[in-house]
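Taking it in order: structure first as structure tokens, then the write-up.
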Amino acid sequence: MDNARYQKAYEVQEYAKKLNIVLEYLPPYSPNLNLIERFWKFTKKIIVRNKYYETFDSFVSAFTSFFQSLDLYKSSLESLLTLNFEIITNN
């Protein structure tokens with residue numbers, strides 16, 4: 001979990017305990033471990049980087065088109081949004 005305030009709420013903690021779920025939190029600043037951060041970075045790369053939109057509507061349209069055609073980016077997203085992380089140790 002990414003340390004959002006609501007994730008640490010008493011109700012969430014108690015409900016997790018009731019369901020026998022151990023909540024694991026990411027380090028305070030770790031965008032590379034947070035899958036949504038990786039997805040947004042990819043999204044901005046496709047839609048925003050080196051692009052100019054004449055109007056806000058065309059900008060919104062670019063986002064809409066992107067989300068409607070995510071299957072075109074399936075292989076890129078599958079390799080990007082993986083839970084396989086490199087573990088660095090102090091050996």
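The values are calculated or read from the model by the stated rules, or taken from the named source; none is laboratory data. The structure displayed is predicted, hence computed values, not measured ones. Virtual Cβ from ideal backbone geometry, glycine too; neighbours counted across all protein chains shown. SASA here: full protein model, heavy atoms, side chains in, ligands and nucleic acids out. Shrake-Rupley method; radii C 1.70, N 1.55, O 1.52, S 1.80 Å.
Carbon and sulfur: what percent of the range 7-59's accessible surface (1.4 Å probe)?
The nonpolar share, carbon plus sulfur, comes to 58 percent.
Using a Förster distance of 41 Å, how high is the FRET efficiency between Ile47 and Ala16, based on the Cβ-Cβ distance and rounded to 0.05?
0.70
So with the 1.4 Å probe, I'd like the accessible area per residue for the chain, rounded to whole Å².
For the chain, the per-residue accessible area is 87 Å².
Could you name the lysines in cross-link range of Lys51, using Cα to Cα under 25 Å and dropping any fewer than eight places away on the same chain?
Cα-Cα hits under 25 Å: Lys41, Lys74.
In whole Hz, with x marking every Gly and Pro, tabulate ³J(HN,Hα) for the range 20-31 from phi via Karplus 6.51 cos²θ - 1.76 cosθ + 1.60, θ = phi - 60°.
Values, residue by residue: 6, 10, 8, 8, 10, 9, 6, x, x, 10, 8, x Hz.
Go through the range 43-58 residue by residue and turn each phi into a ³J(HN,Hα) via Karplus (6.51, -1.76, 1.60, θ = phi - 60°); whole Hz please, and just put x for glycine and proline.
Here the 3J(HN,Hα) series is 4, 5, 4, 6, 9, 9, 4, 6, 10, 10, 10, 4, 10, 5, 4, 5 Hz.
Between Tyr73 and Glu37, what is the FRET efficiency for a Förster distance of 22 Å, r being their Cβ-Cβ separation, to the nearest 0.05?
Computed FRET efficiency for Tyr73 and Glu37 comes out at 0.85.
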